[in-house]
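Participant: Can you read through this structure? Questions will come right after.
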Amino acid sequence: MTYSTNLRTHTCGELRLSNIHDSVTLCGWVQRIRNLGGMTFIDLRDRYGVTQLAFNSETHPELHRQVQNFGREWVVQVTGIVAERYSKNRNIPTGDIEIIVETFKILNQAQTPPFTIEDESDGGEELRMKYRYLDLRRNPLKNNLLFRHQLSIEIRNYLNDIGFVEVETPFLIKSTPEGARDFVVPSRLTHGEFYALPQSPQSFKQLLMLGGYDRYFQIVKCFRDEDLRADRQPEFTQIDCEMSFVEQEDVLQTFEGLISHIFKKVKNIDIDHIERISYVDAMQLYGSDKPDTRFDMKFTALNDVLQHKDFKVFNEAELVVGIVAEGCANYTRKQLDELVDFVKRPQVGAGGLVYILCQEEGKFKSSIDKFYTQEDLKRVAEKCNAKVGDLILVMSGKTDAVRGQLSQLRLEMGSRLGLRQPGHYKMLWVVDFPLLEWDEESRRFYAKHHPFTAPKPEHEALLESNPGAVFANAYDLVINGNEIGGGSIRIYNSDLQKKMFTTLGFTEEEAQHQFGFLLNAFQYGTPPHGGIAFGFDRLCAVLSDSDSIRDFIAFPKNNAARDVMLDSPATISEVQLNELGIIIKK
Ligand code: ASP
């Protein structure tokens, strides 16, 4: 592979000792200038690396004089002879050589960048977002984007090899009331009508199955106008997939193959089997449907051993549940207080936390000593399998709430104890999700996954009589506590799909208005089908042990969904508004 062009013979990452005495031309950015009196050295950088340029005041006085005016990030072209360096730099592949420059050309000058273009920059995040094109020059971001590219190639190759075809689906579609809020685009041709940007290509991939494509995938942008929780983006990328004539097992096996391939190729890690856990078990054991299973610390329900004593808080709770932090019985008062503060933070929202220190055989110290005997606490320790030296942390309340809170504390303890090590991957399929979720506020059911997910065939009959008890053929892939993918076997019968819409509170007319195209399509020979979508940005981040998907997106938005580089969203002109028939409420 050669990267030579009319402007350069080599890249800045290419030259080695074997090139000594060659005459070469390089182009790049001035990374660093070091003036050592008689000699001036410049590090010239491009995507491929850095090469040292040497300017000697004795042999090339005029050149040496001119480069004194060079500034950081100037774009230059230099021609010179490759020479062996006296003091070699073992840290970079070009560290054995330098270029004795004979001529140079300034291709472009640059203003001094607002932050240093170094691996560790002095620029804050907002500033770097504003000048994203400069931030993209830094190695950490560059390597992330190169990694993302490599990953996308591996995914495409693997899926292509097993017969998946990539089909593009439209971005200007129709708003649907289910799921997250849509981004909408006003129509100029019909005032008062709007397109919506797809939250996912869900309907289209199902229609492609109807169209006979059998195996579809697409690495595709999706748009959701949600309030941005930490590390979400209003536009993000999915690896969207669908297959025909499959049952759940086929989908899980196929994508286990994809995940194994990815891990082998980019991490050299062998994965031969992905464990499975039911939704019900995940909630019971970890309080979360995306548990981080790099560490154990499972929940133990303690109602039977802690209720019916004098402690009112526990007696009134729906669930009393605990975890064991191994080896933490020596926690100081301060450390314990920190944990109490942690659960009381608004993000966690608990009322309090009870701790039991297992100090010596049969000897316990707890924050509930007033209400429980040593014998009571011993029973608790036995129930949770806590040993001498362990710390038991107990929370109580409404089942769903307390599970969520204890799950956050479990993750916190996992982090504190160094049990969530980077480079260590634990993945699992969470299966058997409930089909529906009851919302107390609107007093109606919502689809837990989406309204096209099929109920388990044996539960179909319950859809009318007891919808809350219906389970779905739906599955999520979880890696290290991150939901990386989710999908389901779909409904492929229009009657069942109509029944599902009715269960979700749609009138027949509403269902027809919103999803008529799908209901109609289902009457023209729909194959059984199912699929999955993976969050591509998140997958990149997780595989790189990063918490931030933003670092894997070339031009991301900030926490307020703004593109601070473009300064968008922004107002549009009166002319544009008029064309669209839009009046802005002041
Ligand atoms: N379209 C779904 C989603 O975006 C994934 C799927 O069911 O395949 O969550």
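Participant: Only one of (1) closer than 30 Å to HIS273 by Cα; (2) touching a Gly at 6+ places or on another chain (Cβ under 7 Å); (3) buried (at least 22 other Cβ atoms within 10 Å of the Cβ) fails for ARG420. Which number is that?
Facilitator: (3)
Participant: Can you pull out the residues in region 483-503 that are farther than 30 Å from GLY423 by Cα, surrounded by 19 or more Cβ atoms within 10 Å (Cβ to Cβ) and either touching a residue at least 60 places away in the same chain (Cβ under 8 Å) or among the hydroxyl-bearing types (Ser, Thr, Tyr) (or both)?
Facilitator: Quick first cut of region 483-503, residues farther than 30 Å from GLY423 by Cα only: 489-503.
From the residues that got through so far, the ones that are surrounded by 19 or more Cβ atoms within 10 Å (Cβ to Cβ) too are 489-492, 497, 500-501, 503.
If the condition is that a residue be farther than 30 Å from GLY423 by Cα, surrounded by 19 or more Cβ atoms within 10 Å (Cβ to Cβ) and either touching a residue at least 60 places away in the same chain (Cβ under 8 Å) or among the hydroxyl-bearing types (Ser, Thr, Tyr) (or both), then ILE489, ARG490, TYR492, THR503 are the ones that fit.
Participant: Taking region 178-192 as the search range and keeping residues that are more than 14 Å from ARG224 (Cβ to Cβ) and of a type outside the set (S, T, N, Q), which one is nearest to the ligand (Cβ to nearest atom)?
Facilitator: VAL185
Participant: Since PHE506 meets every condition but one in (1) away from the ligand (no atom under 16 Å from the Cβ); (2) in contact (Cβ under 8 Å) with a residue 24 or more places away in the chain; (3) in contact with a Pro (Cβ under 9 Å, 6 or more places away or on another chain); (4) outside any helix (DSSP H, G or I), which condition does it not meet?
Facilitator: Only one criterion in (1) away from the ligand (no atom under 16 Å from the Cβ); (2) in contact (Cβ under 8 Å) with a residue 24 or more places away in the chain; (3) in contact with a Pro (Cβ under 9 Å, 6 or more places away or on another chain); (4) outside any helix (DSSP H, G or I) is unmet by PHE506, namely (2).
Per-residue answers, yes or no, for (1) under 24 Å from the mean Cα position of the chain (by Cα); (2) more than 25 Å from ILE549 (Cβ to Cβ); (3) surrounded by fewer than 17 Cβ atoms within 10 Å (Cβ to Cβ); (4) within 12 Å of the ligand (Cβ to nearest atom):
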{"position": "ASN157", "(1), (2), (3), (4)": "yes, no, yes, no"}
{"position": "ILE162", "(1), (2), (3), (4)": "no, yes, yes, no"}
{"position": "PHE171", "(1), (2), (3), (4)": "yes, no, yes, no"}
{"position": "PHE194", "(1), (2), (3), (4)": "no, yes, yes, no"}
{"position": "SER203", "(1), (2), (3), (4)": "yes, yes, no, yes"}
{"position": "LEU208", "(1), (2), (3), (4)": "no, yes, no, no"}
{"position": "PHE236", "(1), (2), (3), (4)": "yes, no, no, yes"}
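Participant: Examine region 431-448 for a residue that is of a type in the set (Phe, Trp, Tyr), modelled with pLDDT of 95 or more and touching a helix residue (DSSP H, G or I) at 6+ places or on another chain (Cβ under 6 Å), and state whether such a residue exists.
Facilitator: Yes, region 431-448 contains at least one residue that is of a type in the set (Phe, Trp, Tyr), modelled with pLDDT of 95 or more and touching a helix residue (DSSP H, G or I) at 6+ places or on another chain (Cβ under 6 Å).
Participant: Okay, moving on. Residues to consider are VAL280, VAL340; find the one that is out of contact with any Cys (no Cβ under 8 Å at 6 or more places or on another chain) and within 23 Å of ASP432 (Cβ to Cβ).
Facilitator: VAL280
Participant: Check off (1) modelled with pLDDT under 95; (2) within 16 Å of the ligand (Cβ to nearest atom); (3) not in a strand (DSSP E or B) for TYR492 and give me the number that stays unchecked.
Facilitator: (1)
Participant: Looking only at residues in region 546-557 that are surrounded by fewer than 16 Cβ atoms within 10 Å (Cβ to Cβ) and touching a Leu at 6+ places or on another chain (Cβ under 9 Å), which one is farthest from SER175 (Cα to Cα)?
Facilitator: My answer is ALA554.
Participant: Which one of these does PRO291 not meet: (1) assigned to a loop (DSSP other than H, G, I, E, B); (2) surrounded by fewer than 23 Cβ atoms within 10 Å (Cβ to Cβ); (3) not basic (Lys, Arg)?
Facilitator: For PRO291, the failing item is (2).
Participant: Whether any residue in region 403-411 is within 16 Å of the ligand (Cβ to nearest atom) and either crowded, with 22+ Cβ neighbours inside 10 Å or farther than 23 Å from GLU483 by Cα (or both) is what I want to check.
Facilitator: no
Participant: Related question: Give ASN520, ASN480 a once-over and let me know the one that is surrounded by 17 or more Cβ atoms within 10 Å (Cβ to Cβ) and either more than 16 Å from the ligand (Cβ to nearest atom) or at pLDDT below 95 (or both). Walk me through how you get there before you give the answer.
Facilitator: Details: ASN520 fails: surrounded by 17 or more Cβ atoms within 10 Å (Cβ to Cβ).
The match here is ASN480.
Participant: Among the residues of region 434-448, is there at least one that is within 16 Å of the ligand (Cβ to nearest atom), in contact (Cβ under 8 Å) with a residue 24 or more places away in the chain, out of contact with any Leu (no Cβ under 9 Å at 6 or more places or on another chain) and in a strand (DSSP E or B)?
Facilitator: yes
Participant: Go through region 239-277 and count every residue that is charged (D, E, K, R), more than 15 Å from the ligand (Cβ to nearest atom), in contact (Cβ under 8 Å) with a residue 12 or more places away in the chain and not in a helix (DSSP H, G or I).
Facilitator: Residues in region 239-277 being charged (D, E, K, R), more than 15 Å from the ligand (Cβ to nearest atom), in contact (Cβ under 8 Å) with a residue 12 or more places away in the chain and not in a helix (DSSP H, G or I): 4 in total.
Participant: So which of ILE491, ILE479 ends up being over 13 Å from PRO455 (Cβ atoms) and hydrophobic (A, V, I, L, M, F, W, C)? Write out each step before concluding.
Facilitator: Details: ILE491 fails: over 13 Å from PRO455 (Cβ atoms).
Every option except ILE479 fails the conditions.
Participant: Hey, does region 117-138 have a residue that's under 26 Å from GLN68 (Cα atoms), acidic (Asp, Glu) and surrounded by 15 or more Cβ atoms within 10 Å (Cβ to Cβ)?
Facilitator: Within region 117-138, one or more residues are under 26 Å from GLN68 (Cα atoms), acidic (Asp, Glu) and surrounded by 15 or more Cβ atoms within 10 Å (Cβ to Cβ).
Participant: Of everything in region 210-233 that's among the hydrophobic types (A, V, I, L, M, F, W, C) and within 24 Å of the chain's Cα centre (by Cα), which residue is nearest to the ligand (Cβ to nearest atom)?
Facilitator: The residue in question is CYS222.
Participant: Identify the single condition in (1) surrounded by fewer than 17 Cβ atoms within 10 Å (Cβ to Cβ); (2) in contact with a Cys (Cβ under 9 Å, 6 or more places away or on another chain); (3) free of Cβ contacts under 8 Å to residues at least 24 places away in the same chain; (4) not basic (Lys, Arg) that GLY389 does not satisfy, given that it satisfies every other one.
Facilitator: (3)
Participant: Could you list all residues from region 528-545 that are surrounded by fewer than 21 Cβ atoms within 10 Å (Cβ to Cβ) and within 16 Å of the ligand (Cβ to nearest atom)?
Facilitator: Within region 528-545, PRO528 is the sole residue that qualifies.
Participant: Note down all Cβ pairs under 6 Å where the first residue falls in region 310-331 and is at pLDDT 95 or above, the second is in a loop (DSSP other than H, G, I, E, B) and among the acidic types (Asp, Glu), and they're at least six residues apart or on different chains.
Facilitator: Final answer for the pair search is VAL324/ASP390; GLU326/ASP390; ALA329/ASP390.
Participant: If you don't mind, another one. Select, from ASP551, ASP537, ASP547, ASP567, the only residue that is of a type outside the set (S, T, N, Q) and in contact with a strand residue (DSSP E or B) (Cβ under 9 Å, 6 or more places away or on another chain).
Facilitator: Numbers: ASP551 fails: in contact with a strand residue (DSSP E or B) (Cβ under 9 Å, 6 or more places away or on another chain); ASP547 fails: in contact with a strand residue (DSSP E or B) (Cβ under 9 Å, 6 or more places away or on another chain); ASP567 fails: in contact with a strand residue (DSSP E or B) (Cβ under 9 Å, 6 or more places away or on another chain).
Sole residue among the options that is of a type outside the set (S, T, N, Q) and in contact with a strand residue (DSSP E or B) (Cβ under 9 Å, 6 or more places away or on another chain): ASP537.
Participant: Restricting attention to region 513-550, which residues are assigned to a helix (DSSP H, G or I), more than 31 Å from the chain's Cα centre (by Cα) and within 19 Å of PRO201 (Cα to Cα)?
Facilitator: HIS513, GLY516, PHE517, LEU519, ASN520, ALA521, PHE522
The values are calculated or read from the model by the stated rules, or taken from the named source; none is laboratory data. Computed from a prediction, not measured in an experiment: that's the story for all the values here. Neighbour counts are summed over all protein chains in view; Cβ atoms, including those assigned to glycine, are modelled from backbone coordinates with ideal geometry.
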